[in-house]
1. Please go through segment 6-33 and pick out each residue that is surrounded by fewer than 23 Cβ atoms within 10 Å (Cβ to Cβ) and part of a loop (DSSP other than H, G, I, E, B).
2. Conditions: (1) within 20 Å of ASP103 (Cα to Cα); (2) out of contact with any Gly (no Cβ under 6 Å at 6 or more places or on another chain). GLY149 meets all but one. Number of the miss?
3. Looking only at segment 153-167, how many residues end up being part of a loop (DSSP other than H, G, I, E, B) and more than 13 Å from PRO222 (Cβ to Cβ)?
4. Which members of segment 73-112 meet the condition of being in a loop (DSSP other than H, G, I, E, B), modelled with pLDDT under 95 and touching a helix residue (DSSP H, G or I) at 6+ places or on another chain (Cβ under 9 Å)?
5. Is at least one residue of segment 259-276 touching a helix residue (DSSP H, G or I) at 6+ places or on another chain (Cβ under 8 Å) and among the aromatic types (Phe, Trp, Tyr)?
6. I'm trying to understand the selection: among the residues of segment 194-211, which are crowded, with 24+ Cβ neighbours inside 10 Å and not hydroxyl-bearing (Ser, Thr, Tyr)?
7. What's the number of the condition ALA143 fails, among (1) hydrophobic (A, V, I, L, M, F, W, C); (2) touching a helix residue (DSSP H, G or I) at 6+ places or on another chain (Cβ under 7 Å); (3) touching a residue at least 60 places away in the same chain (Cβ under 8 Å); (4) within 30 Å of GLY27 (Cα to Cα)?
8. Considering only residues that are in a strand (DSSP E or B) and buried (at least 20 other Cβ atoms within 10 Å of the Cβ), which ones fall in segment 212-243?
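The values are calculated or read from the model by the stated rules, or taken from the named source; none is laboratory data. Because the structure is a prediction, the values reported are computed rather than measured. Cβ: placed from backbone, ideal geometry, glycine included. Neighbour counts: every protein chain shown.
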Amino acid sequence: MAMNPAEAVTWGSFVQAAYDQYASDPGQPNPAAITNMPAGYTLVRTIQMTDFAGPVRSRVFYGFIAAGGDPRTAVVALRGTIGAAEWWDDLHWDLVPFTQVPDGGKVAQGFLDIYRTYGTMTPGQPQQGAPASATFAADVAQAAAGGLGAGLDSGLPAVVCGHSLGGALATLLVADLAANTPLKPQAWTFASPRVGDAAFAGRYGGLSTVSWRIYNQADIVPYVPLDAAGSYQPVTAGYRINSLGKAKWSLRCAHALSTYLHVLAPATEPLNPACA
């Protein structure tokens, strides 16, 4: 199966909606609706996380589960890093066992610590602080099936997508879903850092079905973490793009989701003017 840039942009628009929602109301962990939700999709659940470092440990909006489209598909969208606390979380790179998946290898401690704080909420409803879910993957799978009004089985159309840190966390979620629920989602990640070691990458490759790791050659994030032993390995074969000559080079512009989407579909996806 060849990578379809138009399809990549379709799923990227859900991640952009997660960013837009957080930007429009950063203090709201559980919005009743999503800013710029792609047309034809209905919000099913919202997703929250908690920074594990820093003085404030409040729940924050991190993504959502939606259902719709033609054919009808469940979509899990995860935004990337925003703010100093989340960047600090990202920098915890010691390799630790990914115990959610049997023989799951090792992954970055910072990514796993955030993943363990994930939980979901019914949109717009207060739920006493929305604690982390001990069964996050199972909750996502049930929400996906419920949103589609379908039974939970391996043929349920589902996509998990994320950018930057959200791409790393999407990778963990896809492995968790595929190993521990009937769901076999597609994975579409943009600018994801490396998630774990060779054992994790191999296990992920055996669990995932359609999995596209889209990375910009000019972006440094997909090449980290690095360690002296070379333990970190990318998952699956990547789809490389190059923003050089198409966008101003800076760390921010090379990494921005809008740059990725513009390079994938320059005729339809405008470049952020700051990166022109």
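1. Within segment 6-33, ASP25, PRO26, GLY27, GLN28, ASN30, PRO31, ALA32, ALA33 qualify.
2. Just one mismatch for GLY149, condition (1).
3. Of all residues in segment 153-167, those part of a loop (DSSP other than H, G, I, E, B) come to 153-157, 164.
When the remaining residues are screened for being more than 13 Å from PRO222 (Cβ to Cβ), the result is 153-157.
Of the residues in segment 153-167, 5 are part of a loop (DSSP other than H, G, I, E, B) and more than 13 Å from PRO222 (Cβ to Cβ).
4. Our first condition is that a residue be in a loop (DSSP other than H, G, I, E, B); within segment 73-112, this holds for 79-83, 91-94, 98-105.
Applying the additional criterion that residues be modelled with pLDDT under 95 yields 80-83, 91-94.
GLY80, THR81, ILE82, LEU91, HIS92, TRP93, ASP94, listed by residue number.
5. Within segment 259-276, the first condition is being touching a helix residue (DSSP H, G or I) at 6+ places or on another chain (Cβ under 8 Å), and the residues that meet it are 259-261, 264-265, 268-272, 274-275.
Remaining after also requiring among the aromatic types (Phe, Trp, Tyr): 260.
Yes, segment 259-276 has at least one match.
6. To start, the set of residues in segment 194-211 that are crowded, with 24+ Cβ neighbours inside 10 Å comprises 194-196, 200, 204.
Once the filter is applied, which keeps residues that are crowded, with 24+ Cβ neighbours inside 10 Å and not hydroxyl-bearing (Ser, Thr, Tyr), segment 194-211 yields ARG194, VAL195, GLY196, PHE200.
7. (2)
8. TRP212, ARG213, ILE214, TYR215, ASN216, TYR232, ILE241
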